[in-house]
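The values are calculated or read from the model by the stated rules, or taken from the named source; none is laboratory data. Every value quoted in this text rests on a predicted model; they were computed, and no experiment measured them. Every residue, glycine as well, gets a Cβ built from its backbone with ideal geometry; the counts of neighbours run over all protein chains shown.
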Amino acid sequence: MLSFECDYNKGAHRRILERLLETNEEALPGYGNDHYCESAKEKIRKACDCENAEIFFLAGGTQTNMLVISTMLKPYEGVVSATTGHVSVHEAGAIEHSGHKVLEIPSHTGKMDAGELEEYLKRYWADSSHEHMVFPGMVYISHPTEYGTLYTGAELEALSNVCRTYKIPLYLDGARLGYGLMSKTTDVTLPMIAKYCDVFYIGGTKVGALCGEAVIFTKQNMPVHFLTMVKQKGGLLAKGRLLGVQFDTLFTDDLYCQISRQAIEMAENLIELFREKGYRFFLDSPTNQQFIILENKEMEKLRRKVRFDIWEPYDETHTVVRFATSFATTVEDIENLQKVLEDI
């Protein structure tokens, strides 16, 4: 069966598997204290043009969001997110379970507006009873967003300026960051993200790795005893080499960009195919996630031969579905999908 339901439904890029096998017999220190982790950190610092960045490797996205947010916030603070933000919708209350509330503001095709953020913060501090409320202690965004949309450099700068005015950190979830960086429409770069964000992570799980996310604290602001708190919350890998080897490989010879670019090219082929067949798009996404409006009966027929993600109802007879490409998507996959669409 053809599979387009997500960008992590296959194992890992071959070069990562080969490198893991090559290094398998080496006896290395645990908990990320090995030379592969150090090499990966140096390569990431160089890519971000942020020589003083503090970097920590974690296993998965929800774990990363929970650990970063819960360790950077004070006990009485919450995190501001767009209503569609992953931490608010698709993480099973992980942030709230850590003792911190997600404070929602409007979403615009997945994005947060700097003006609305500033207005929200102004209202909070103007409220005479704000000490009885959850303090907004951090701002969370994702790039790409849940809808595959992207912030511009100007939008990132505007959000950063608001956060600096109110002295709260801006945190960027980069689970699919590679696909945003390699989009042909973007003006955002890694150094720009490092400049405007106080903390962000480079996603590996959804961009060709078996698992792993690289958290980057850009302003010498890693929480004190972060490793200890990660371990306390169950997030510290004894075999930290597993993450270090993967990120060292991803940031060698531009592999991270190559993987991401491949997925973008396949997404463009996907867009062309659906447009030629007369399908409607829910929105314009310049990344590897594409949102198609399907008639419900046609959707059920298609599901017999193709896996995709059911996103949300469009109306009584139509549904928005998501097709995602990845490092493993091939031209043959697109051609086979074309044959399936011709038969339904």
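Just a few scattered comments:
- Single residue of the range 317-344 satisfying the filter (among the hydroxyl-bearing types (S, T, Y) and outside any strand (DSSP E or B)) that is surrounded by the fewest Cβ atoms within 10 Å (Cβ to Cβ): T317
- Set L250, L283: member being surrounded by fewer than 22 Cβ atoms within 10 Å (Cβ to Cβ) and of a type in the set (A, V, I, L, M, F, W, C): L283
- Residue identified as outside the structural domain of Y196 (by TED's automatic domain parsing) and at pLDDT 95 or above among A263, A238: A263
- Enumeration of residues in the range 299-312 that are under 24 Å from the mean Cα position of the chain (by Cα) and assigned to a strand (DSSP E or B): R307, D309, I310, W311, E312
- The range 249-296 - residue that is assigned to a loop (DSSP other than H, G, I, E, B) and among the polar types (S, T, N, Q) and, of those, farthest from the chain's Cα centre (by Cα): T252
- Residues (without any contact (Cβ under 8 Å) to a residue 12 or more places away in the chain and either closer than 22 Å to Y171 by Cα or among the aromatic types (F, W, Y) (or both)) located in the range 233-266: G234
- Residues in the range 99-112 that are free of Cβ contacts under 8 Å to residues at least 40 places away in the same chain, part of a loop (DSSP other than H, G, I, E, B) and closer than 23 Å to M72 by Cα: G99, H100, K101.
- Among (1) outside the structural domain of A175 (by TED's automatic domain parsing); (2) in a helix (DSSP H, G or I); (3) touching a Gly at 6+ places or on another chain (Cβ under 9 Å) - the single one Q246 does not satisfy: (1)
- Flag if C163 is out of contact with any strand residue (DSSP E or B) (no Cβ under 8 Å at 6 or more places or on another chain), at pLDDT 95 or above and of a type outside the set (D, E): no
- Restricted to the range 137-173, and to residues there that are more than 11 Å from the chain's Cα centre (by Cα) and of a type in the set (G, A, S), the residue that is farthest from K195 (Cα to Cα) is G137.
- Flag for G78 being closer than 19 Å to C197 by Cα and either of a type outside the set (D, E, K, R) or crowded, with 16+ Cβ neighbours inside 10 Å (or both): yes
- Note on the range 38-59: residues that are in a loop (DSSP other than H, G, I, E, B) and out of contact with any Cys (no Cβ under 6 Å at 6 or more places or on another chain) total 5.
- Scanning the range 60-77 for any residue that is part of a loop (DSSP other than H, G, I, E, B), under 22 Å from the mean Cα position of the chain (by Cα), in the same structural domain as C211 (by TED's automatic domain parsing) and not β-branched (V, I, T) turns up at least one such residue.
- Flag set for I259, criterion: closer than 22 Å to D333 by Cβ and buried (at least 16 other Cβ atoms within 10 Å of the Cβ).
- When the residues of the range 283-322 are filtered to those that are free of Cβ contacts under 8 Å to residues at least 60 places away in the same chain and among the aromatic types (F, W, Y), the one that is nearest to G180 (Cα to Cα) is W311.
- Residue within the range 232-243 that is out of contact with any Leu (no Cβ under 9 Å at 6 or more places or on another chain), polar (S, T, N, Q) and not in a helix (DSSP H, G or I) present: no
- Checklist (1) under 20 Å from the mean Cα position of the chain (by Cα); (2) crowded, with 17+ Cβ neighbours inside 10 Å applied to H100, failing item: (1)
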